[in-house]
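Novice: Take a look at this one; I'll ask things after.
The values are calculated or read from the model by the stated rules, or taken from the named source; none is laboratory data. Values in this document were obtained by computation on a predicted structure and should not be read as measured data. Ideal geometry is used to build each Cβ from the backbone, glycine not excepted, and the neighbour counts take in all protein chains shown.
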Amino acid sequence: MSIAMKSTLLLTYVLYLSFSAFAEKPSYPADSTKRVVEKMKDILIYQDDRYYAAFPSIVRKPDGEFLLSFRRAPNRRNFGSKGYSHTDPNSYLVQMTSKDGINWSGEPELLYAHDFGGSQDPCLLQLSDGTLLCTSYGWTQISAEDRQNLKVPNFTTGSGYVFLGGYVVRSLDGGGSWKGPYYPPHIQPEINYTPTGNPVPAYNRGALYEGKDGRIFWIVASHDQQSPSKTSNHLLISNDKGLTWQYSCPVAVDNEVVFNEASVYETPKGDVVAFIRTEKHEDQAVIARSTDGGKSFGPWQSMGFKGHPLQAIRLPDDRVLLVYGYRHKPYGIRARILNAECNDFETAEEIILREDGGSTDIGYPWAVLLNENEALITYYFNKENQIRHIAGTVIRF
């Protein structure tokens, strides 16, 4: 065989190998956030007609087991009530476990019951050493006559519940037992007092985040104006695994816009990003960013879409799965996949996970990775405005 023929055959073989290698690789768009997200299925995690189940959060423990927490209260419709309420004297924090995140069975176990009232919105955070934190806050029902004796101002609902403020419980054994409550500090912008006459301890609903240096970030809310009632957001930081907290800085403050439920996330670059629910702002989701490690935040910015509250997790390729409830018709659950630094929120495609909700009383999604290619988004839901239950959606990304 001549040298020319050998060269031709060799070139053909090299081209074949190159083409084969290229053909075996998936053809992704240049912008990784545009990769197709496939919804796999919806699952029912917990439903019991005797109870109103809502506001879940979920983590995956080091042993691979999934721990889910949520707020459970009596279904007051069974007692003659015409509707549902987010305040109840018998509202407790409960927990369930699953080996695979898909199959859930058995009765929930008590996570924590507050001594003085009903608890709300358990928010789980698993630290790098396996320690579990759960933040919550509470309400206590007080008669109109007795409310006249309380220190003012205080935050009272129309049905006579007075706000107790926030607290934290901790577990060192994977949720087998919980210690606390540990009370975070009162922050200066908060104007209200508890029923016992003490300044309200810091509180909020939303995901905390453990930074690369071990600091824990928690964005809390503050009632900073009584009439009209208005809240703002501020950053607390813990350097001792959630035992104590120090005030850092304002996150989002406005003369008219109400900022409340917020989740925090640290990017690979080290930016601290806040995803915030608003009111009096057309229900817009907003974002605020710190580029100095949480010492200060730049101006808040609308994300260009409606939805609340929001929660973010990092995917294996550093993209960010952002999930949120959608309390407009069609009621449901939605998501977006952002780039690693979370700065493409205006152009990231919206992913509709559910649009069959029965009313605005749904949502509060919380995501966790099942494996390198799938995630479970948990949330509370209702069909045809009936019993509130905990559900989930599995996606492949």
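Novice: With the checklist (1) β-branched (Val, Ile, Thr); (2) farther than 18 Å from residue 86 by Cα; (3) surrounded by fewer than 19 Cβ atoms within 10 Å (Cβ to Cβ) in hand, flag the one item residue 142 doesn't pass.
Specialist: So residue 142 meets the others, but not (2).
Novice: So, in the stretch 43-68, exactly how many residues are out of contact with any Phe, Trp or Tyr (no Cβ under 9 Å at 6 or more places or on another chain) and in a strand (DSSP E or B)?
Specialist: 2
Novice: How many residues are within 17 Å of the chain's Cα centre (by Cα) and surrounded by fewer than 22 Cβ atoms within 10 Å (Cβ to Cβ) if we restrict to the stretch 354-367?
Specialist: Within the stretch 354-367, residues that are within 17 Å of the chain's Cα centre (by Cα) and surrounded by fewer than 22 Cβ atoms within 10 Å (Cβ to Cβ) number 1.
Novice: Among the residues of the stretch 130-146, is any β-branched (Val, Ile, Thr) and within 21 Å of the chain's Cα centre (by Cα)? Explain how you work it out, then say what you get.
Specialist: Restricting attention to the stretch 130-146, the residues satisfying the condition of being β-branched (Val, Ile, Thr) are 131, 135, 140, 142.
Applying the additional criterion that residues be within 21 Å of the chain's Cα centre (by Cα) yields 131, 135.
Scanning the stretch 130-146 turns up at least one residue that is β-branched (Val, Ile, Thr) and within 21 Å of the chain's Cα centre (by Cα).
Novice: Okay, next question. Within the stretch 176-219, which residues are farther than 17 Å from residue 234 by Cβ and of a type in the set (Ser, Thr, Tyr)?
Specialist: Correct list: 177, 182, 193, 194, 196.
Novice: Look at residue 77 and say whether it is more than 22 Å from the chain's Cα centre (by Cα) and modelled with pLDDT of 95 or more.
Specialist: Numbers: more than 22 Å from the chain's Cα centre (by Cα): yes; modelled with pLDDT of 95 or more: yes.
Yes: the conditions hold for residue 77.
Novice: Restricted to the stretch 210-236, and to residues that are touching a Ser or Thr at 6+ places or on another chain (Cβ under 8 Å) and hydroxyl-bearing (Ser, Thr, Tyr), which residue is surrounded by the most Cβ atoms within 10 Å (Cβ to Cβ)?
Specialist: Looking at residues that are touching a Ser or Thr at 6+ places or on another chain (Cβ under 8 Å) and hydroxyl-bearing (Ser, Thr, Tyr), I get 222.
Novice: OK, next. Looking only at residues in the stretch 290-333 that are free of Cβ contacts under 8 Å to residues at least 40 places away in the same chain, touching an Asp or Glu at 6+ places or on another chain (Cβ under 6 Å) and not in a strand (DSSP E or B), which one is surrounded by the fewest Cβ atoms within 10 Å (Cβ to Cβ)?
Specialist: 330
Novice: Can you name the condition, by its number, that residue 346 falls short on among (1) outside any strand (DSSP E or B); (2) under 21 Å from residue 383 (Cβ atoms)?
Specialist: Of the numbered conditions (1) outside any strand (DSSP E or B); (2) under 21 Å from residue 383 (Cβ atoms), the odd one out for residue 346 is (2).
Novice: Let me ask you something else. Would you say residue 360 is free of Cβ contacts under 8 Å to residues at least 24 places away in the same chain, β-branched (Val, Ile, Thr) and in contact with a Lys or Arg (Cβ under 9 Å, 6 or more places away or on another chain)? So that I can check it myself, show each step before the final result.
Specialist: Values: free of Cβ contacts under 8 Å to residues at least 24 places away in the same chain: no; β-branched (Val, Ile, Thr): yes; in contact with a Lys or Arg (Cβ under 9 Å, 6 or more places away or on another chain): yes.
The answer is no for residue 360.
Novice: Of the conditions (1) within 19 Å of the chain's Cα centre (by Cα); (2) among the charged types (D, E, K, R); (3) more than 27 Å from residue 246 (Cα to Cα), residue 289 clears all except one; give me its number.
Specialist: It fails just one condition, (3).
Novice: From 107, 190, which residue is free of Cβ contacts under 8 Å to residues at least 40 places away in the same chain, assigned to a loop (DSSP other than H, G, I, E, B) and either of a type in the set (Gly, Ala, Ser) or surrounded by 15 or more Cβ atoms within 10 Å (Cβ to Cβ) (or both)? Give the derivation first.
Specialist: On the way: 107 fails: either of a type in the set (Gly, Ala, Ser) or surrounded by 15 or more Cβ atoms within 10 Å (Cβ to Cβ) (or both).
The unique qualifying residue is 190.
Novice: Something else now. Suppose the filter is within 26 Å of residue 67 (Cα to Cα), under 22 Å from the mean Cα position of the chain (by Cα) and buried (at least 16 other Cβ atoms within 10 Å of the Cβ); does residue 239 pass it? Even if it seems obvious, please write down each step before you answer.
Specialist: On the way: within 26 Å of residue 67 (Cα to Cα): yes; under 22 Å from the mean Cα position of the chain (by Cα): yes; buried (at least 16 other Cβ atoms within 10 Å of the Cβ): no.
So residue 239 does not fit the description; no.
Novice: Search the stretch 56-94 for residues being out of contact with any Lys or Arg (no Cβ under 9 Å at 6 or more places or on another chain) and crowded, with 22+ Cβ neighbours inside 10 Å, and hand back the single one that is farthest from residue 313 (Cα to Cα).
Specialist: Out of the qualifying residues, it is 73.
Novice: Can you pull out every residue in the stretch 225-245 that is outside any loop (DSSP other than H, G, I, E, B) and without any contact (Cβ under 8 Å) to a residue 24 or more places away in the chain?
Specialist: Once the filter is applied, which keeps residues that are outside any loop (DSSP other than H, G, I, E, B) and without any contact (Cβ under 8 Å) to a residue 24 or more places away in the chain, the stretch 225-245 yields only 238.
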